[in-house]
Each structure stands twice: as structure tokens, then as C-alpha cells.
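Inspection log for the structure reproduced underneath, given as C-alpha cells.
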Amino acid sequence: MRVVVTDETRFLRTPDGAVWTQGGLTYQLWTRYLSAFDSLRIVARAMDVATAPDGAERVDGPAVELWPVPYYLGPRQYLRRLTRIRRAVRAAAAPADAVLLRVPSPIGSLLAAERDRHGLPYALEVIADPYDVFAPGVLRHPLRPLFRRRYTAQLRHQCAAAIGAAYVTDAYLQARYPTRMSATAASIPEGHFPASAYVDRPRTVERTRGAATLISVGSLEQMYKGIDTLVEALARLTTTDPPVRLVHVGDGRCLPRLQQLAARLGVADRVVFTGTLSAGEAVRDQLDAADLFVLPSRTEGLPRALIEAMARGLPAIGSTVGGIPELLPADYLVTPGDVPGLAALIRRLLADPERLADASARNLARARDYSGEVTGRRRATYYAEVRAATERAHRAGVPGPVAVG
């Protein structure tokens, strides 16, 4: 059986037909679906390029193919090309296919509507919360309130209609977007953390000599990660001992805005934007060189970047959104946008080596709950049950529930 998976990643395609990603799901990670299915079709956007950029990795390969959707950026281009996008999505999955939608997603929602229309089953991987994505202060758009209502209701319907749903959180998303009573939800964190992602032992943190380094990781396409809040907090840390600097790993269209903010606040010399780095060793080297990971997000599912930092034994601060409170204790959390609170917490932690050492040990232990071995077994079980439920639904002619152990 083939599985058709929708995804919002924007891929690159070279003239030879090869498909590439920069920091997204690589071929090795896509093959996780092959534990239960014979082949995989990815339904996503792909932009044609002359050559693959340095550091890009392959997406397609044996038993894994891309079904390209007309490329677009933002709501305006999406609406302008909607007819062609809808046509491509409708043709992506045959009735006999298993379908897994990574939601929330415009592409996934189009395919969900098509399956609903024909009474065909689909399952979900719920990786984010549109209620938070379109919250005030997160996204600047005149239609933001409408988007929030529409896409929250849409995801609730999809979870209620699906034959199964795997959530990246333990409880947060499940409470807001429950499955129907006849379907059992699974908790499967996003991402894959191999043994090499983990340090052997927690840090023995001593008082930092020289400048203390804060690190944040995430896309700058939108202001979702709250890096502007972090830069403003950094500007308040002018009298700390040791002095504090910030390194951010990631790139996107909001980078110039953040650089201008740092310059206006007089901290441009204490902020380093590395741009996008290859996943794995390059990012881990930056984490290992830092003293404190900070993720003041305005919206999250369960942040992979935070788990990766915890796996390096790095003390961390997060915000009170999404699944972050499932990873960090309450006294390591701040409300989104709370610049004074964030600055005060950073100051207190950097001045307390013993507390940093305790946080290192706790974070490393918690991160081991998300190792590839642990989540791989849960994911393989879920995919096998999706396949079985899809087969039952096709035999019965109606969707049926997924039982996930």
C-alpha cells in the first residue's frame, strides 16, 4: 500500500528531477513511513532551481517521491493559484491509498476536504496549533481574526473526522483538538533524535568567565519564535556580570527587521545571526558553545529545537505556549512578549551556577524520553495501525477508527 503525506515544507527541485531540502525532513527521515507502507508520495511545494545549494540534502529516493504542488508564497499567491493547487492536490491520492495529513496545513486541508467528499479515510499528524499561530501579536495580517476562527474550526473538524491522529504533544493539542470517541490518539513527538544528538553526561556548570552566551534556534520567516522579545531582553542586560551575548541559528525574511532592532537598541555588537546551518553537527557545535538556550515563542507545537538543546545538557528557558510547559518546569517559563520577565529570569539563572547545573541534568534526562529508539517504536506502531484501519475502511466502504497501543 502507498501512503500519501502532505507537508508544508518548501522544497527545491533541480533540472534532473532531484528534490532537496535545507534543514527539513531528509530522505532518511521520510523513510520512517516505509516501516508500514510500501511506498511514499509527498505532496508539497517545490521551487525549481538550477543547482542545489551548499548543505542541501536529498528528499526523494527509492520508494519516496514528490508530488509537486504549484509553488506559492503567502496567502495572496495561494489564492491566486488556488485552482491549480486544488487540481494538483486532488490528483495526488488514489482512493486505495492511505493518506496522512501533517496539519494544520492549507495543502492538507484541501486533501482532507477531497477525502471527506468521497467518504474516504485519512489520518493526521498534528504538529501545531492555529489558535496560537493566529493569536494577536504573532502574525500581522488584516484577516488574522478570520484566519484564527477558520483554521481552528477546520482542525477540530479534521481531528473529529480522522481515523487516527498522532499529536506532537502529550496533552496540550489533544485537549484543544480531540479525536472522535471511536479513534485513539497517539502522542508522537516530531523529529528523530539519534544517539549522537545526546551528550554522555550533564554539565558541571561553573560561573561563566568572559561573556555568557545565549542561544536561540528557529526560522525567521515569521516572528513566531519571539526573537524580537529576546533581543529586547538582551538590551536590558547591560550591567550583568558576566556580560551577555546572543547567537541565533536560523534565517528568514524577518532577519533585517531583527538586525535593525538590535542596532536601534545598541546591542548589534552582542548579537550574532549565523543564518541557516546544516542540521546535526553544525547546530550542536553552537549549542555546546552556549550557556543558556532561550525560546520565547509566541506559538509552538512541541519544539524540536528545545529538545535538541536539552539533549546537549543545555539549561533552557521557554515560554508558556504549546507543548513547552511539558518540557520545562514552571520557574523556567515566561509569558510570550514579557521582556522584563525574560530579562530578569536570564539574569537570575546566569548568576546561579548550581541552578544551571541542576537544569542541565534535568533537561538531559527529559530529552531522553524523545530518543529515536523510543519515538521510533511509537511511530511505527501508529503507521501500522493507520494502514490496518485504512484497509478496514476500504473493505467496509466507510472510515473506521484507529486503535493505537
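Hey, can you tell me all the residues within the stretch 1-25 that are in contact (Cβ under 8 Å) with a residue 60 or more places away in the chain, in contact with a strand residue (DSSP E or B) (Cβ under 8 Å, 6 or more places away or on another chain) and not charged (D, E, K, R)? Give the steps one after another, and end with the answer.
Our first condition is that a residue be in contact (Cβ under 8 Å) with a residue 60 or more places away in the chain; within the stretch 1-25, this holds for 1-8, 10, 22-23.
Within this subset, residues satisfying the condition of being in contact with a strand residue (DSSP E or B) (Cβ under 8 Å, 6 or more places away or on another chain) are 1-8, 10, 22.
If the condition is that a residue be in contact (Cβ under 8 Å) with a residue 60 or more places away in the chain, in contact with a strand residue (DSSP E or B) (Cβ under 8 Å, 6 or more places away or on another chain) and not charged (D, E, K, R), then 1, 3, 4, 5, 6, 22 are the ones that fit.
Going through the stretch 251-299 one residue at a time, which ones are on the phi > 0 side of the Ramachandran plot and touching a Ser or Thr at 6+ places or on another chain (Cβ under 6 Å)? Step through it out loud before you land on a result.
Taking the stretch 251-299 as the starting set, the residues that turn out to be on the phi > 0 side of the Ramachandran plot are 252, 266, 275, 280.
Within the stretch 251-299, just 252 meets the criteria.
Among the residues of the stretch 129-160, which ones are among the aromatic types (Phe, Trp, Tyr), more than 15 Å from residue 101 (Cβ to Cβ) and not in a loop (DSSP other than H, G, I, E, B)? Write out each step before concluding.
Filtering the stretch 129-160 down to residues among the aromatic types (Phe, Trp, Tyr) leaves 131, 134, 147, 151.
Going one step further and asking which of them are more than 15 Å from residue 101 (Cβ to Cβ), we end up with 131, 134, 147.
Within the stretch 129-160, 131, 147 qualify.
Out of the stretch 79-109, which residues are crowded, with 21+ Cβ neighbours inside 10 Å and assigned to a helix (DSSP H, G or I)?
Selection gives 85, 89, 107, 108.
For the stretch 126-134, indicate whether the set of residues that are closer than 17 Å to residue 30 by Cα, touching a residue at least 12 places away in the same chain (Cβ under 8 Å) and of a type outside the set (S, T, N, Q) is non-empty.
Initially, the stretch 126-134 is screened for residues closer than 17 Å to residue 30 by Cα, giving 126-127.
The next check asks that each one be touching a residue at least 12 places away in the same chain (Cβ under 8 Å); those that pass are 126-127.
Pick out the ones that are also of a type outside the set (S, T, N, Q) and you get 126-127.
Yes, the stretch 126-134 contains a residue that is closer than 17 Å to residue 30 by Cα, touching a residue at least 12 places away in the same chain (Cβ under 8 Å) and of a type outside the set (S, T, N, Q).
Per-residue answers, yes or no, for (1) β-branched (Val, Ile, Thr); (2) more than 21 Å from the chain's Cα centre (by Cα):
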{"site": "219", "(1), (2)": "no, no"}
{"site": "232", "(1), (2)": "no, yes"}
{"site": "238", "(1), (2)": "yes, yes"}
{"site": "265", "(1), (2)": "no, yes"}
{"site": "277", "(1), (2)": "no, no"}
{"site": "295", "(1), (2)": "no, no"}
{"site": "309", "(1), (2)": "no, no"}
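Scanning the stretch 40-56 for residues that are buried (at least 19 other Cβ atoms within 10 Å of the Cβ) and either in contact with a helix residue (DSSP H, G or I) (Cβ under 9 Å, 6 or more places away or on another chain) or among the aromatic types (Phe, Trp, Tyr) (or both), which turns out farthest from residue 81 (Cα to Cα)?
40
Pull up the stretch 347-379, narrow it to residues that are loosely packed, with under 15 Cβ neighbours inside 10 Å and aliphatic (A, V, I, L, M), then point me to the one that is nearest to residue 237 (Cα to Cα).
Among those residues, the one meeting the criterion is 365.
Condition check: surrounded by 15 or more Cβ atoms within 10 Å (Cβ to Cβ) and without any contact (Cβ under 8 Å) to a residue 40 or more places away in the chain. Does residue 287 satisfy that? Don't jump to the end; show me each part of the working.
Numbers: surrounded by 15 or more Cβ atoms within 10 Å (Cβ to Cβ): yes; without any contact (Cβ under 8 Å) to a residue 40 or more places away in the chain: no.
When the stated conditions are applied, residue 287 does not pass them.
Output the number of the condition that residue 337 fails; it satisfies all remaining conditions of (1) closer than 26 Å to residue 178 by Cβ; (2) assigned to a loop (DSSP other than H, G, I, E, B); (3) at pLDDT below 95.
(1)
With (1) in contact with a Leu (Cβ under 6 Å, 6 or more places away or on another chain); (2) of a type outside the set (A, V, I, L, M, F, W, C); (3) outside the structural domain of residue 137 (by TED's automatic domain parsing) as the list, and residue 206 as the residue in question, which single condition is left unmet?
With respect to (1) in contact with a Leu (Cβ under 6 Å, 6 or more places away or on another chain); (2) of a type outside the set (A, V, I, L, M, F, W, C); (3) outside the structural domain of residue 137 (by TED's automatic domain parsing), residue 206 is out only on (1).
For the stretch 174-199, name all the residues that are exposed (fewer than 14 other Cβ atoms within 10 Å of the Cβ), touching a Gly at 6+ places or on another chain (Cβ under 9 Å) and in a loop (DSSP other than H, G, I, E, B).
Of everything in the stretch 174-199, those that are exposed (fewer than 14 other Cβ atoms within 10 Å of the Cβ), touching a Gly at 6+ places or on another chain (Cβ under 9 Å) and in a loop (DSSP other than H, G, I, E, B) turn out to be 182, 194.
Before we move on, is residue 312 out of contact with any Leu (no Cβ under 8 Å at 6 or more places or on another chain) and either in contact (Cβ under 8 Å) with a residue 40 or more places away in the chain or more than 13 Å from residue 219 (Cα to Cα) (or both)?
Taking the combined requirement at face value, the residue does not satisfy it.
Every residue in the stretch 172-191 that is touching an Asp or Glu at 6+ places or on another chain (Cβ under 9 Å) and either free of Cβ contacts under 8 Å to residues at least 12 places away in the same chain or farther than 12 Å from residue 126 by Cα (or both), please.
Of the stretch 172-191, the ones touching an Asp or Glu at 6+ places or on another chain (Cβ under 9 Å) are 172-173, 176-177, 184, 186-191.
184, 191 - these are the residues of the stretch 172-191 that are touching an Asp or Glu at 6+ places or on another chain (Cβ under 9 Å) and either free of Cβ contacts under 8 Å to residues at least 12 places away in the same chain or farther than 12 Å from residue 126 by Cα (or both).
So which residues in the stretch 230-275 are of a type in the set (Lys, Arg) and surrounded by 15 or more Cβ atoms within 10 Å (Cβ to Cβ), if there are any at all?
Within the stretch 230-275, the first condition is being of a type in the set (Lys, Arg), and the residues that meet it are 236, 245, 253, 257, 264, 270.
Answer for the stretch 230-275, where residues must be of a type in the set (Lys, Arg) and surrounded by 15 or more Cβ atoms within 10 Å (Cβ to Cβ): 236, 245, 270.
The values are calculated or read from the model by the stated rules, or taken from the named source; none is laboratory data. Because the structure is a prediction, the values reported are computed rather than measured. For neighbour counting, all protein chains shown are included, and Cβ atoms are generated from backbone atoms with ideal geometry for every residue, glycine included.
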